[in-house]
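The values are calculated or read from the model by the stated rules, or taken from the named source; none is laboratory data. Everything numeric in this text was worked out from a predicted model, so none of it was measured. Note that each Cβ is placed from the backbone with ideal geometry, even for glycine, and that neighbours are counted across all protein chains shown.
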Amino acid sequence: MRRPHVLIGTISPNIYGHFTENLGGVIFDDLWVGEHSPVRKVNGLRKAFLEHMRVIKAPLVRLPGGYFADGYD
């Protein structure tokens, strides 16, 4: 017999974060470009990165985001 689902609370979206490696080209081209860079930026951060964050509604971003393996032997 299946038991009904019981709501016992709400998980805060701030618990979950995003690694920055998987946001297209903006990671490998650097997030911080500095105030004097010709790249589109907001306070020294690459504007494309900020636009990606708004689209996915990231509550927080881990920067640096950690590492991922290109290969494993």
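If the Cβ limit is 8 Å and pairs must be 6+ apart or interchain, which residue in the range 18-42 that is aromatic (F, W, Y) pairs with which residue that is at pLDDT below 60?
Pairs that qualify, where the first residue is aromatic (F, W, Y) and the partner is at pLDDT below 60, are F19/G65; F19/G66; F19/F68.
I'm trying to understand the selection: among the residues of the range 34-73, which are within 13 Å of the chain's Cα centre (by Cα), small (G, A, S) and either modelled with pLDDT of 85 or more or more than 12 Å from H18 (Cβ to Cβ) (or both)?
A48, the sole residue that qualifies.
If you go through the range 13-20 one residue at a time, do you hit one that is at pLDDT 90 or above and either of a type outside the set (F, W, Y) or surrounded by 10 or more Cβ atoms within 10 Å (Cβ to Cβ) (or both)?
No - not one qualifying residue is present in the range 13-20.
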